Amino acid sequence: MLWLRSVLFTLLLPGSVLLWVPLWISTQTGGTFELGPARWIGLPVLIIGAGGLLRCIWDFGRRGKGTLAPVDPPRFVVRTGLYRVVRNPMYLSVLIALGGEALLFPSSWLIVWAAIVATAFHVFVVAYEEPELRRQFGAPYEAYCRAVSRWLPRRPSS
């Protein structure tokens with residue numbers, strides 16, 4: 001049933017951020033800018049972001065025994081895959097995918113949406129998620145935070 005919950009929460013959470021809201025924005029607003037054929041650079045950016053997101057969801061289920069939803073979180077700290085180089089690769093993947101969408105469907109309103117999402121992610125991570133993970137996992141999570149950057153991918157320090 002874990003895979004079913006993962007699919008449901010994926011459609012609900014990142015699905016809203018990457019599909020439902022951008023679709024609404026693109027049908028309800030103007031605000032386009034012209035990139036010409038260069039807009040197609042957004043397609044590989046979108047694919048990279050979506051691929052990163054799917055990898056993180058897989059790792060949450062396989063390694064963490066949970067889903068991406070705060071109501072059904074992983075039971076173990078996930079430190080494999082993309083989580084080895086950045087603490088928040090799922091959020092980062094969503095932002096990369098949003099950037100790809102903004103390029104592919106040249107919409108200034110999608111850029112505004114991406115900025116709103118980035119701000120919301122940061123506030124959520126700092127105000128709720130990190131304190132909750134420190135409480136839940138203690139020393140192993142503290143060591144992970146010292147070794148791996150919050151937002152900028154880099155080689156782990158230990």
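The values are calculated or read from the model by the stated rules, or taken from the named source; none is laboratory data. If you're wondering where the values come from, they're calculated on a predicted model, not measured in any experiment. Because the Cβ atoms are built from the backbone with ideal geometry, glycine has one as well, and the counts that use them run over all protein chains shown. Accessible surface is based on the protein model in full, side chains and every heavy atom, while ligands, DNA and RNA are left aside. Shrake-Rupley method; radii C 1.70, N 1.55, O 1.52, S 1.80 Å.
Extents of the chain, largest first, come to 50, 35, 26 Å (Cα atoms, principal axes, whole angstrom).
Using only the Cα atoms of the stretch 22-69, each taken as one equal point scatterer with no solvent, compute I(q) by the Debye sum, divide by I(0), and report log10 of the ratio at q = 0.14, 0.24, 0.25 Å⁻¹. Log-scaled intensity ratios, in q order: -0.58, -0.91, -0.93.
Distances between placed amide hydrogens fall under 5 Å for residue 150 paired with 87, all partners being 5 or more residues away or on another chain. In this structure, residue 152 and residue 1 have a Cβ-Cβ separation that, at R0 = 35 Å, corresponds to a calculated FRET efficiency of about 0.45. Taken along its three principal axes, the alpha carbon spread of the stretch 64-133 comes to 40, 25, 20 Å, from the longest extent down to the shortest. Per residue, the stretch 48-158 exposes an accessible area of 53 Å² to a 1.4 Å probe, with every protein chain left in place. Largest accessible area first, the listed residues 58, 109 line up as 58, 109 when surface is computed with a 1.4 Å probe on the assembled protein chains.
Over the stretch 102-158, the pair-distance histogram of Cα-Cα distances with 10 Å bins from zero comes to 21, 34, 27, 16, 3 percent, rounded to whole numbers.
Distances between placed amide hydrogens fall under 5 Å for residue 107 paired with 33, all partners being 5 or more residues away or on another chain. Normalising the average separation of contacting C-alpha pairs (under 8 angstrom, six or more residues apart) by the number of residues puts the relative contact order of the stretch 17-82 at 20 percent. Phi-derived couplings, Karplus 6.51 cos²θ - 1.76 cosθ + 1.60 at θ = phi - 60°, listed residue by residue for the stretch 138-145: x, 4, x, 6, 4, 5, 4, 5 Hz, with x used for Gly and Pro.
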